[in-house]
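Data first, discussion second: the structure below is written as C-alpha cells.
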Amino acid sequence: MKRVIMFMYMLVGFSTAWAQTKASDKEWAAVVDAAKKEGKVVVAGSPDPVMRNDVIPKFTARFGIPVEFVAGRSSQIVSRVQTERGSGIYSIDIYLAGPDTSANELYNDKLIDPLKPLIVMPEVADGSKWKTGKVWFADPQEQFIARAFSGVATWLFINTDHVKPEEVRHVKDLLNPKWRGKISTEDPTTTGAGANMAARLYYQVGEEYVKNLYVDQKTVRTRERRQMTDWLARGTQPICLNCREDDVRPLVKEGFKILEIFEISGVPSTINGSPWMLSLANKAPHPKAAQVFANWILSKEGLETYARGYGSATLRTDIDESFLNPGNVPKKGVKYFDDTEWKWIVTGRHENRDKVWQLLKAR
Amino acid sequence: MKSPSATLSLPRFRLHLRPIRMAEVGFLVFLAVVMGLPLLFLLSGSFNLAAPGKPAVYGFGNWQRAFTDPGTLSALWMSFLLSVVRLIPAMILSVMFAWLIARTDMPGGRFIESACWIAYFVPDFPLVLAWILLLDPNFGFLNSLAKSLPFVEGPIFNPYGFLGIVWVHTSTGGIWFKVMLLVPVFRRLGATLEEAARVAGANTTAMLWRITLPVLSPMILAVAVLSFIRGLQSFNTELLLGTPVGIYVYSTKIYDYLQREPRAYGEATALGSVFLFVLAILLFFYWRYLSGNKKFTVVTGQGYSTLRVKLGRWRYAALAGCLLYVAVMMLLPLAFLVIGSFMRRYGFFNIASPFTLNHWYNLLADPIFLVALKNSLIIASVTAIGGILLYSALAYLLVSRRTITAPVLESLCWVPHVLPGILLSLGVLWLFLATPLRFFLYGTVWGIAFALILADSPVTTQAFKAGLLQLGADLEESARVSGASWAYAYRRILLPLLAPIAAAVGLMNFGSALTSISTPVLLYSHQSRPLAILLLEYSFTGELERAAALGLLITLIIGSMMLIARKLGLQLSRSD
C-alpha cells in the first residue's frame, strides 16, 4: 500500500513538474514571439571582441533578433544614459557592466529594473543548473544585478625565463630587492585594476606593505595594458600584477614562458565576477527583446560562448570547464576573498582606494 | 566737397551695413548657442555637488577638490614645461619648412609638404609604440645598433622621460600640423616686398627676419597659440612614456576625473577652466598685436608677384635637411607601423613566423567596417565642406572690421579648442538633448558632423582670418567700383584667392573628422559609428595590430583625398 501511495505521489510530482515545464516553455515561447516583434535589442557594454564576434552572431542566429551593441567605457556610457534620461530618452535595454559601474552607478542611480521576475527560460530558471542553487543576484534585494561568473582571479603573471615560480610563493617575496624595478602594475593612482589590487592589498596586508611594494620597489606603472603585457613577454618587467588573461593567452600560444599564478601565501586567494554583471535598464525601449537576451546570455549556450571566448569560470553547472586554466576554477572548501562582494564594492574598496591614493600621490 | 572715396564708400556702407549686421547677429546667436551654451552647461555643472540624477546642490566643493588634489599643480607645471620646450623648436622648424616649401626654389617641396600631411594623420598611439620599439633601453632597435659600435657601452637612447616625450611629440604631432597651416599663407605672400628688400640690399636672412615673418605673423602667432594650448592638453604620449617614470601631466588629471566612477565632470571642468584662463591671456596679447591698420596685407590690387627666393647651391642642402627630418621623424616610425600591421604581434620579431595578413583580413571582414567606413566618409565630407562655408564667412566678418562684436565672436570660436574633447562632446550632447536638435541630429552622422564642425572652429577660422588679413581691401573695392555686386566680388575675387587655404583646412578637417575619437564618443549610435570609434574599440580590447591596420587605412584615405584635391585643381603646393 505504501508503495502505491509513494508511486502516486511521484506521479503527481512528476506531472506537476512536467506541467510546469510545459507552462514555462509556453511562457518563454510567448516572450520570444513578442521580442521578435520589437525588432531589436540594445546592449551596452565594454568593447569586446567576444561579444562582437561570437555572442551577438549566435544570439541573432538563434532568435532572429538583431543586437545593437553600444560599446564604450562604463563611465562614458553612464554619462550618456544619464543625459539622455534627463531629456526623456531611453535607448538602452541591457547593461553588461563591471561590478563598480553596476553597483555604484546603475543600481545607485536607479537606472535599472528588477531582472529576477523576468527569468523564465526553463534552463535558466532551473536552480539545479547553477552552482549557487539559483541565479545569483548580487544586490541587497537580490533582484537587479545578476552575477554569472565567479572565477579565481589571477594574482600575478611571471615570465619563467626570468623568475622562478618558487621565488614568488609568498606575498612578501615581491619585496625582495632583486625585483626592484622588475614589477609592472596598472597605475594604482587612478581608477582601474591597479587601484583595485592596491586597495585589496592595503586592506589585507596593510599600509606598510603597499608603500614597500609600490614605492620602495619602484614598481613600474602604466595605464596601457598592452605595454604591461609586452614588458612581461620581453622580460623587461617579468612580474606583472595586472596583466589580463585574455591578453596573455596569445603570448602563451606563441611559446612565451608565462605562468599565471592564482594563489600566493600571505593573502587569501580572490574570486570575482569578471567580465561583467547583467542588469536590465528601466523603461527599456525593447523590454521583451531585453528579456530574451538576458535569459539567453544566462543560458548554457550564451554563457559558454562568452566563457570560451574570455576564459572565465561561470556559475553554471552544465558548462564543461576543461577549456579553462584549472587555477581559474574555484576549489571546494577554499575560503576566497570575493572582490565582487556588494559591501566591498560599495564601501570597502573605495575607502581603501582613497587611502592608497593618499599614500601614493603624496609621494 | 566730399572726396571721391567718401562718395563711394557711403553707398557701400549703406548697402553693406544691413547684411553685415544681420550676418553678425546670426553668427552671434549661432555661436552663443552652439559654443556658449555647452560651456555654460559645463561650468554650471562644475558647481553642482549633487550626485548624477539627484537634485542640484551648488557649491565650490568640486573646484576645491580638483585644485587641492596632490600633484595637480606639479602636473600643471610639467604640462607647461613640456608645452613650451617642444613649442619653441617646433615653431622654428615649421616656419623654416613652410618658408622653404613655399617661398624658395628648394626642389621637392611638394613631396615634403605631402609627407607633412600624411605624417599628421598617422594615428599617434601605434606611432608612439613604434618609437618605443626603436628607443627602448632594453630592446630598442636603435640602441641595439648603437651597442655594436666599439665606443658605446650601454643604451644611449631612452624614450621614457622628459626628453623622450619631447622627441616623440616632435615626431607624432610636432611640426606637421604647423607646416600644413603655414604653407598656404606663406605661399600667398606676394614677392613684391621681398624684391624691394632685396633691391634695398637685404640678404636672405634679413629679408626673412624683417619682411617675411612680420607680415605673416598673424598666422604664425595663431598657430603658436593653437599649438601651445594643444600641447597643454596632450596626454596620450605622456601616458605611455611618462607614467612608467612618474611623469604626470595636467591632462592626465582631467582624464582621471573623467574615468572615475561615479563620474567627476565637475572636477574635470574645474581643471579644464585653466585652459580658458590661459587662452584669455594669449588672446589678449594676440589681439593687441593685431590691432593696427593694414599691417599684414600682402596681396593688393596693385600687382602681385610670387617669384621665389633663390637659394643657389643651398637649395640641395635645404632639401637634404628636410628629407633627413622627414626620414627620421616620419618614415622610420611609420615603417615600423606598417610592418606592425603585418605582424602577428606588433614588435615581436623573434616569434615563429612573425608575419601575417590576418589583421588586415579581420579588419576588412569585420561586418561593422563597411558601415563605419561609409559613415566616416559622410561625416568627413560634411565636416570639411560645412567648416569651409561657415568659417570663411565668419572670418570675413571678423576681418571686415565692420562688426561691433568681433572679440565676442572670436572668443566663442576658440571655445572648442580649450575644452578637452570629451567635455566638448558632453556639452554638445546636452545641447542636442536640451533642444529640438535631438530629433534630427542626435545619434546620426549629421549630428557627429555638426559637433566636428564646431570642434574645427578655432583652426579653420584662424586660417581663413590670416588668409583674409593678407588681402588688401582694394581688391574688393576695385571690383565694386567696376560694378560688381558684393556676392560677385566675393565669389570671383576673394574665394579664388582663398582657395589654397580653403583646400588646406578642408582637407585638414576631413582628416580630423576621420581620426577624431573624443568628439563623437558620446554622440554616435550603432548606425552612425565612425571608423575612429571602431579604432578605439580595437585599441581598448588590445587588438593593436588591427588598430594599426585601420589607422593606416585611414591615412591612405586621407592621402587619396589629397591626390583627388590636387587633380581637381585645389593645388596645395604650387603657387600660381
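The values are calculated or read from the model by the stated rules, or taken from the named source; none is laboratory data. No experiment lies behind these values; they were computed from the predicted model shown. Methodologically, a virtual Cβ is constructed for each residue, glycine included, from the backbone with ideal geometry; neighbour enumeration extends over all protein chains shown.
Please find, among A:Ser269, A:Ser322, the residue that is of a type in the set (Ser, Thr, Tyr), surrounded by fewer than 21 Cβ atoms within 10 Å (Cβ to Cβ), at pLDDT below 95 and within 25 Å of A:Ala199 (Cα to Cα). Lay out the reasoning, then the answer.
On the way: A:Ser322 fails: within 25 Å of A:Ala199 (Cα to Cα).
Going through A:Ser269, A:Ser322 in turn, the sole match is A:Ser269.
Taking into account only those residues within the range A:169-207 that are aliphatic (A, V, I, L, M) and more than 19 Å from A:Phe337 (Cβ to Cβ), which is farthest from the other protein chains (Cβ to nearest Cβ)? Walk me through it before giving the result.
Residues of the range A:169-207 aliphatic (A, V, I, L, M): A:171, A:174-175, A:183, A:193, A:195, A:197-199, A:201, A:205.
Subset that is more than 19 Å from A:Phe337 (Cβ to Cβ): A:175, A:183.
On the way: A:Leu175: 20, A:Ile183: 12 Å.
The extreme case among them is A:Leu175.
Restricting to the range B:46-75, name every residue that is hydrophobic (A, V, I, L, M, F, W, C), under 30 Å from B:Trp167 (Cβ atoms) and either surrounded by 18 or more Cβ atoms within 10 Å (Cβ to Cβ) or in contact with a Pro (Cβ under 9 Å, 6 or more places away or on another chain) (or both). If you could, list the steps in order and put the result at the bottom.
The initial filter retains those residues of the range B:46-75 that are hydrophobic (A, V, I, L, M, F, W, C), namely B:47, B:49-51, B:56-57, B:60, B:63, B:66-67, B:73, B:75.
After this cut, where a residue has to be under 30 Å from B:Trp167 (Cβ atoms) as well, the list is B:73, B:75.
Hit for the range B:46-75 is B:Ala75, nothing else.
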So B:Lys294 fits all but one of (1) surrounded by fewer than 19 Cβ atoms within 10 Å (Cβ to Cβ); (2) at pLDDT 90 or above; what number is the exception?
-> (2)
Scan the range B:470-482 and give yes if some residue there is away from every other protein chain (no Cβ under 14 Å), under 25 Å from B:Ile220 (Cβ atoms) and small (Gly, Ala, Ser), otherwise no.
-> yes
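Every residue in the range B:327-356 that is within 11 Å of chain A (Cβ to nearest Cβ) and farther than 25 Å from B:Pro159 by Cβ, please.
First, the residues of the range B:327-356 that are within 11 Å of chain A (Cβ to nearest Cβ): B:344-348, B:350-354.
Once the filter is applied, which keeps residues that are within 11 Å of chain A (Cβ to nearest Cβ) and farther than 25 Å from B:Pro159 by Cβ, the range B:327-356 yields B:Ala352, B:Ser353.
Can you pull out the residues in the range B:133-172 that are part of a loop (DSSP other than H, G, I, E, B) and within 17 Å of A:Trp231 (Cβ to Cβ)?
Initially, the range B:133-172 is screened for residues part of a loop (DSSP other than H, G, I, E, B), giving B:136-140, B:148-161.
Of everything in the range B:133-172, those that are part of a loop (DSSP other than H, G, I, E, B) and within 17 Å of A:Trp231 (Cβ to Cβ) turn out to be B:Asp136, B:Pro137, B:Asn138, B:Phe139, B:Gly140, B:Pro155, B:Asn158, B:Pro159, B:Tyr160, B:Gly161.
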Pair list, Cβ under 7 Å, 6 or more apart: the range A:289-312 residue part of a helix (DSSP H, G or I), other residue surrounded by fewer than 23 Cβ atoms within 10 Å (Cβ to Cβ) and among the acidic types (Asp, Glu) | A:Ala289/A:Glu38; A:Lys300/A:Glu123; A:Lys300/A:Asp318; A:Thr305/A:Asp54; A:Gly309/A:Asp54; A:Tyr310/A:Asp246
Only one of A:Val356, A:Val329, A:Val334 is more than 14 Å from chain B (Cβ to nearest Cβ), over 16 Å from the mean Cα position of the chain (by Cα), among the aliphatic types (A, V, I, L, M) and over 30 Å from A:Pro66 (Cβ atoms); which?
-> A:Val334
B:Arg86 meets each of (1) loosely packed, with under 15 Cβ neighbours inside 10 Å; (2) assigned to a helix (DSSP H, G or I); (3) charged (D, E, K, R) with one exception, condition (1)
Only one residue in B:Phe97, B:Phe80 is part of a helix (DSSP H, G or I), touching a residue at least 24 places away in the same chain (Cβ under 8 Å), buried (at least 24 other Cβ atoms within 10 Å of the Cβ) and within 24 Å of the chain's Cα centre (by Cα), so which one is that?
-> B:Phe97
Spans of helices (runs of 4 or more DSSP H) in the range B:178-278 with at least 2 residues touching a helix residue (DSSP H, G or I) at 6+ places or on another chain (Cβ under 7 Å) and at pLDDT 85 or above = B:217-233, B:236-241
Go through (1) away from chain A (no Cβ under 14 Å); (2) touching a Ser or Thr at 6+ places or on another chain (Cβ under 9 Å); (3) modelled with pLDDT of 90 or more and name the single condition B:His359 misses.
-> (1)
If you check every pair at least six apart or on different chains, which have Cβ atoms under 6 Å apart with a residue in the range A:322-349 that is over 23 Å from A:Leu201 (Cβ atoms) first and a residue that is assigned to a helix (DSSP H, G or I) second?
-> A:Phe323/A:Arg308
Residue among B:Pro420, B:Pro500, B:Pro496, B:Pro416 that alone is surrounded by fewer than 18 Cβ atoms within 10 Å (Cβ to Cβ) and not charged (D, E, K, R) = B:Pro496
Could you tell me which residue of the range B:513-527 is surrounded by the most Cβ atoms within 10 Å (Cβ to Cβ), considering only residues that are within 14 Å of B:Ile554 (Cβ to Cβ) and touching a Leu at 6+ places or on another chain (Cβ under 7 Å)?
-> B:Ala513
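For the range B:330-432, which helices (runs of 4 or more DSSP H) that fit wholly inside it have 3 or more residues that are in contact with a Leu (Cβ under 8 Å, 6 or more places away or on another chain)?
Values: elements: B:332-341, B:358-365, B:367-400, B:406-418.
Of the helices (runs of 4 or more DSSP H) lying wholly inside the range B:330-432, those with at least 3 residues that are in contact with a Leu (Cβ under 8 Å, 6 or more places away or on another chain) span B:332-341, B:367-400, B:406-418.
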Give the residue that is farthest from the other protein chains (Cβ to nearest Cβ), with candidates limited to residues of the range A:60-81 that are of a type outside the set (Gly, Ala, Ser), closer than 15 Å to A:Lys36 by Cβ and in a loop (DSSP other than H, G, I, E, B).
-> A:Ile65
Condition test on A:Thr101, is it of a type outside the set (Asp, Glu), closer than 29 Å to A:Asn196 by Cβ and more than 13 Å from chain B (Cβ to nearest Cβ)?
-> no
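If you scan the range A:253-288, which residues turn out to be part of a strand (DSSP E or B) and within 30 Å of A:Ala29 (Cα to Cα)? Break it down stepwise before answering.
Step one: filter the range A:253-288 for residues part of a strand (DSSP E or B), giving A:258-261, A:265, A:270-272, A:277-281.
Across the range A:253-288, the qualifying residues are A:Met277, A:Leu278, A:Ser279, A:Leu280, A:Ala281.
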Complete set of residues in the range B:468-493 that are more than 26 Å from B:Tyr120 (Cα to Cα), of a type in the set (A, V, I, L, M, F, W, C) and either surrounded by fewer than 17 Cβ atoms within 10 Å (Cβ to Cβ) or at pLDDT 80 or above (or both) = B:Ala473, B:Val481, B:Ala484, B:Trp486, B:Ala487
Taking the range A:78-129 only, how many residues are surrounded by fewer than 20 Cβ atoms within 10 Å (Cβ to Cβ), in contact with a Lys or Arg (Cβ under 8 Å, 6 or more places away or on another chain) and aliphatic (A, V, I, L, M)?
-> 1
Could you give every pair whose Cβ atoms fall below 6 Å, whose first residue belongs to the range B:366-377 and is more than 12 Å from chain A (Cβ to nearest Cβ), and whose second residue is hydroxyl-bearing (Ser, Thr, Tyr), counting only separations of at least 6 or pairs across chains?
-> B:Asn375/B:Ser528
Considering the range A:283-310 alone, what residues qualify as being more than 23 Å from A:Lys134 (Cβ to Cβ) and surrounded by fewer than 19 Cβ atoms within 10 Å (Cβ to Cβ)?
-> A:Lys283, A:Pro285, A:Arg308, A:Gly309
Every residue from the range A:223-255 that is within 8 Å of chain B (Cβ to nearest Cβ) and over 25 Å from B:Lys253 (Cα atoms) | A:Asp230, A:Ala233, A:Arg234, A:Thr236, A:Asp246, A:Asp247, A:Pro250, A:Leu251, A:Glu254, A:Gly255
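Hey, any hits in the range B:383-393 for a residue that's away from chain A (no Cβ under 14 Å) and among the aromatic types (Phe, Trp, Tyr)? Break it down stepwise before answering.
Start the filter on the range B:383-393 by keeping residues that are away from chain A (no Cβ under 14 Å), which leaves B:383-393.
Those still in the list that are among the aromatic types (Phe, Trp, Tyr) too: B:391.
Yes: one or more hits.
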